[in-house]
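Structure record follows, encoded as structure tokens.
The values are calculated or read from the model by the stated rules, or taken from the named source; none is laboratory data. Bear in mind that the values here come from a model prediction, so they are computed numbers and not experimental data. With ideal geometry, Cβ positions are generated from the backbone for all residues, glycine too; neighbour counts draw on all protein chains shown.
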Amino acid sequence: MARRIIASLLLLLLVFVWVVPFAGLLITSARSTKHANETGFWTAFQTNEIGYSFKTKGKEAIERIGDDWVIKGNIFDERNAADQHLATQNNEPRTFDIMGRVSRFGSGAANPDVAAPGDTITIRDGQFTLQENGDYVWAFASEYTKSGKTIGVRVAHPPQFGLRNYKRAFADGRIPNALINSFIVTIPATIIPVLIAAFAAYAFSWLQFPGRDLLLGIVIALLVVPLQLAFIPVLSIYANLADWAGDLSASLGWCSGQECDYPAKTFSGLWMAHTAFGLPLAIFLLRNYIAGLPRELMESARLDGASHLQIFTKLVLPLSMPALASYGIFQFLWVWNDLLVALILGPTSDLVLPIEIQKQIGTFKSELERLNASAFISMIVPLIVFLSMQKYFVRGLLAGSVKGG
Amino acid sequence: MSALTLQNIDKVYGKTQVMHDVSLDIEQGEFVVFVGPSGCGKSTLLRMIAGLEDISAGTLFIGDKKMNNIPASKRGIAMVFQSYALYPHMSVADNMGFSLSIAKTPKQEIKQRVAAAAEILQLTPYLNRLPKALSGGQRQRVAIGRAIVREPDVFLFDEPLSNLDAELRVSTRREIANLKASMPDTTMIYVTHDQVEAMTLADKIVVLRDGRVEQVGTPLDLYDRPRNIFVGQFIGSPKMNIFETTDLTVQHWPHHVTGVRPEHLRLTTPKNAIVSGKLEFIEKLGEYSLAYLRTETGREFTVKFERGLTHTLGNQLHFDADHDNLHHFDPKTQLRIN
């Protein structure tokens, strides 16, 4: 009983540790800059008191009412209209509207706590009254000839969420490009090693050939070769290859001058690198699984007349789906989140998502919510992959522990 | 014409020889059972016939063709495995039709042959199920159906019943016997360690021990005239009692080892007894009782009684047997003398 409680608590802790940052990222990415910068994401579902500075209208809006000169308006409506106008001009998505109730206000941005809504204070010889809903009346005894005045207002702002940050992330074109680039890199870099490793694993488990165990030993030894060790040699191989290909096509007369400069850092280079780095582990994992398939199944298929290729495609592949899927998830996550390999061996112009986000950290340092939107876009993809393959994943991890048809 | 001939077959793994000079003739339509204790090489022999193991030396003929180097699928055999070896991701129908679809048989014909086999085995309602949705007995029938569909000349069974529970084993055994009866021209080779299966199914039993053939014969041959002590004890349950000359109360057969089956010993007077012993333990099985006794020389032996044994433990009991039912063996060679 006690063990069960501890296990449940541990599970709860794990869920908490995972869910909180996820929720933080998601919530922040749906808030406005001001909210994201001034209040924590855990307060996003309550009304927060946030300080704004608003500019009132000036002489251009003054009217004569009886003996008085009066400026009338609504601070919220004016500000929202101005922001919206600016966004439209800049071709940006609609901004978050400021809404809520005024709770305190004052005559300058620095002293917003002077008066309560409905009070009248003196600003520039005028009597300034601000209502809770943002309506203000600024009355003068003589004509006012200056422009508007910035006033400080505390607003009790209700929770507000929107897709503006995502629209911006998608609108600027770099994130969608990077997303596509990431898919171009990740999908082949997952499928190729899984397929090659499945063939190899079958050969290592069910084919007899000289040097088999030695070869398997070498493959497993490659598991411990650090990735970083290979960067420079691989890069120089790619560079030489590109040079050589350029020279070859030049000598064949296919191109001339600058056209013959082939890039050394390409998507296919990334596929090859990820395939090579992923294969040892893939072969190791899949061999363990495939070698564990019942021998009698293979023998039965042999008696039924199936060739090795038929046994592989009709029997081993479908039966190894759990193992293939769970390794596929690992490889997908690793390649999707990879920054280092893509930075060193990947194309310099077509950036993958991790590099793009890393660059945006510099550009949008103060716009946490915008970075979070990009981060969430990059996060949601492996999450979808994981959830859709989850049943295979769980079965793959448990594979072999339960016998049965 | 023999359907299957083994000539001086050897099997060597590395430096260990596991089959020694096995020669055997199997007639067409015969039901042959390989029986022996575990590790005797019976499954290895079957797998060599199937083509799943290489033959180290000797010749295998199926029909009149030498088969040593012919791949398993071309030998005209079909095998039923102990673990059924059903393809778990395929429906029953696909399992049974797999070999035909590999051989690119037209779909219509596959369907017909699968349907026919399913009819024989009463599997028709289950054709679209996956193996995991079947009971053990049904899975075994699918495995048999998969073999039937190929219409082989030789059927191989590798301990097909050992994964079933006792009741199912009896009924499946009868189904296999019926199957054999319905296919009189098909040769069947059946491997088991259970001598009851061997006795009930076989036309011919091959008793193996340590990679050697100990005796080949009909079930009753083996029961009545075992060629040596091993076969005598292996066939029949409970197993045959073996007495040294000194264990017996009469000294008619010096330098023999005498074997007598528990069911052949009868109670008698001390004067007529050939063996006496103290009653140590009784197992009452309803239909009959088994008495475990010990001679004064310390030899344990078993006697099968009709029910109604009234003797109490510790009593001294005396037995004789028809001389026809006594088996005499040479103590050195262990071979039968009479």
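What tally of residues in the stretch A:286-297 results from selecting those that are surrounded by fewer than 22 Cβ atoms within 10 Å (Cβ to Cβ) and either more than 11 Å from chain B (Cβ to nearest Cβ) or part of a helix (DSSP H, G or I) (or both)?
The qualifying residues number 6.
Which residues, counting only those in the stretch B:190-243, are among the small types (Gly, Ala, Ser) and farther than 15 Å from B:Phe157 by Cα?
Within the stretch B:190-243, B:Gly211, B:Gly217, B:Gly232, B:Gly236, B:Ser237 meet the criteria.
Run B:Arg129 past the list (1) within 14 Å of chain A (Cβ to nearest Cβ); (2) at pLDDT below 90; (3) surrounded by fewer than 17 Cβ atoms within 10 Å (Cβ to Cβ) and report the number of the one that doesn't hold.
(2)
Is there any pair with a first residue in the stretch B:60-81 that is away from chain A (no Cβ under 12 Å) and a second that is basic (Lys, Arg) whose Cβ atoms are under 6 Å apart and which are 6 or more apart or on different chains, and what are they?
B:Ile62/B:Arg75; B:Met67/B:Arg75
All but one of (1) within 23 Å of the chain's Cα centre (by Cα); (2) surrounded by fewer than 22 Cβ atoms within 10 Å (Cβ to Cβ); (3) closer than 22 Å to A:Leu207 by Cα hold for B:Gly136; which doesn't?
If we test B:Gly136 against (1) within 23 Å of the chain's Cα centre (by Cα); (2) surrounded by fewer than 22 Cβ atoms within 10 Å (Cβ to Cβ); (3) closer than 22 Å to A:Leu207 by Cα, just (3) comes out false.
When you scan the stretch B:99-113, do you find a residue that is within 11 Å of chain A (Cβ to nearest Cβ) and either surrounded by 21 or more Cβ atoms within 10 Å (Cβ to Cβ) or modelled with pLDDT under 90 (or both), even just one?
Looking through the stretch B:99-113, at least one residue is within 11 Å of chain A (Cβ to nearest Cβ) and either surrounded by 21 or more Cβ atoms within 10 Å (Cβ to Cβ) or modelled with pLDDT under 90 (or both).
Looking only at residues in the stretch A:298-329 that are hydrophobic (A, V, I, L, M, F, W, C) and surrounded by fewer than 17 Cβ atoms within 10 Å (Cβ to Cβ), which one is nearest to the other protein chains (Cβ to nearest Cβ)?
The qualifying residue nearest to the other protein chains (Cβ to nearest Cβ) is A:Met321.
Would you be able to say whether some residue in the stretch B:195-218 is touching a residue at least 40 places away in the same chain (Cβ under 8 Å), part of a loop (DSSP other than H, G, I, E, B), closer than 30 Å to B:Ala85 by Cβ and out of contact with any Cys (no Cβ under 8 Å at 6 or more places or on another chain)?
Within the stretch B:195-218, one or more residues are touching a residue at least 40 places away in the same chain (Cβ under 8 Å), part of a loop (DSSP other than H, G, I, E, B), closer than 30 Å to B:Ala85 by Cβ and out of contact with any Cys (no Cβ under 8 Å at 6 or more places or on another chain).
Output the strands (runs of 3 or more DSSP E) that fall wholly within the stretch A:57-167 and possess 2 or more residues being closer than 30 Å to A:Ile377 by Cβ and of a type in the set (Lys, Arg), or say none.
Qualifying strands (runs of 3 or more DSSP E): none found.
How many residues does the stretch B:199-218 contain that are under 15 Å from B:Gln233 (Cβ atoms) and of a type in the set (S, T, N, Q)?
The qualifying residues number 1.
Quick grid of which residues meet (1) within 25 Å of B:Asp194 (Cβ to Cβ); (2) among the basic types (Lys, Arg); (3) touching a Cys at 6+ places or on another chain (Cβ under 6 Å); (4) not in a strand (DSSP E or B):
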| residue | (1), (2), (3), (4) |
| --- | --- |
| B:Gln233 | yes, no, no, yes |
| B:Thr246 | no, no, no, yes |
| B:Thr249 | no, no, no, yes |
| B:Ala273 | no, no, no, yes |
| B:Ser289 | yes, no, no, no |
| B:Glu296 | no, no, no, yes |
| B:Thr302 | yes, no, no, no |
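Give the stretch A:95-115 a look and list any residue that's out of contact with any Leu (no Cβ under 8 Å at 6 or more places or on another chain) and either of a type in the set (D, E, K, R) or without any contact (Cβ under 8 Å) to a residue 40 or more places away in the chain (or both), or say none.
If the condition is that a residue be out of contact with any Leu (no Cβ under 8 Å at 6 or more places or on another chain) and either of a type in the set (D, E, K, R) or without any contact (Cβ under 8 Å) to a residue 40 or more places away in the chain (or both), then A:Asp97, A:Arg101, A:Arg104, A:Asp113, A:Val114 are the ones that fit.
Please specify each residue of the stretch A:65-94 satisfying the condition of being within 17 Å of A:Ser53 (Cα to Cα) and in contact with a Leu (Cβ under 9 Å, 6 or more places away or on another chain).
Residue satisfying the conditions is A:Ile75 alone.
Is there any pair linking a residue in the stretch B:105-127 that is in the same structural domain as B:Ala181 (by TED's automatic domain parsing) to one that is exposed (fewer than 13 other Cβ atoms within 10 Å of the Cβ) and of a type in the set (Lys, Arg), with Cβ under 7 Å and at least six apart or on different chains, and which?
none
Please determine whether any residue of the stretch A:68-77 is surrounded by 14 or more Cβ atoms within 10 Å (Cβ to Cβ) and farther than 16 Å from A:Leu130 by Cβ.
yes
Looking at B:Glu263, B:Glu296, B:Glu280 in this structure, which one is exposed (fewer than 14 other Cβ atoms within 10 Å of the Cβ), closer than 16 Å to B:Leu309 by Cβ and not aliphatic (A, V, I, L, M)?
B:Glu280
Restricting to the stretch B:50-59, give me the number of residues that are buried (at least 17 other Cβ atoms within 10 Å of the Cβ) and either among the acidic types (Asp, Glu) or within 14 Å of chain A (Cβ to nearest Cβ) (or both).
4
Out of the residues in the stretch A:264-275 that are of a type in the set (A, V, I, L, M, F, W, C) and in contact (Cβ under 8 Å) with a residue 12 or more places away in the chain, which is nearest to the other protein chains (Cβ to nearest Cβ)?
In this case the residue turns out to be A:Trp271.
Provide a single number: the residues in the stretch B:82-98 that are more than 9 Å from chain A (Cβ to nearest Cβ) and over 29 Å from the mean Cα position of the chain (by Cα).
Residues in the stretch B:82-98 being more than 9 Å from chain A (Cβ to nearest Cβ) and over 29 Å from the mean Cα position of the chain (by Cα): 4 in total.
If you go through the stretch B:1-60 one residue at a time, how many are assigned to a strand (DSSP E or B) and among the basic types (Lys, Arg)?
The number of residues fulfilling the criteria is 1.
Identify the single condition in (1) buried (at least 20 other Cβ atoms within 10 Å of the Cβ); (2) closer than 22 Å to B:Gln215 by Cβ that B:Val275 does not satisfy, given that it satisfies every other one.
Just one mismatch for B:Val275, condition (2).
List, please: which pairs have Cβ atoms under 8 Å, are six or more places apart or on different chains, and start with a residue in the stretch B:142-158 that is within 13 Å of chain A (Cβ to nearest Cβ) and end with one that is acidic (Asp, Glu) and part of a loop (DSSP other than H, G, I, E, B)?
B:Arg146/A:Asp304; B:Arg150/A:Asp304
In the list B:Thr302, B:Thr269, B:Thr333, which residue meets the criterion of being among the polar types (S, T, N, Q) and out of contact with any strand residue (DSSP E or B) (no Cβ under 7 Å at 6 or more places or on another chain)?
B:Thr333
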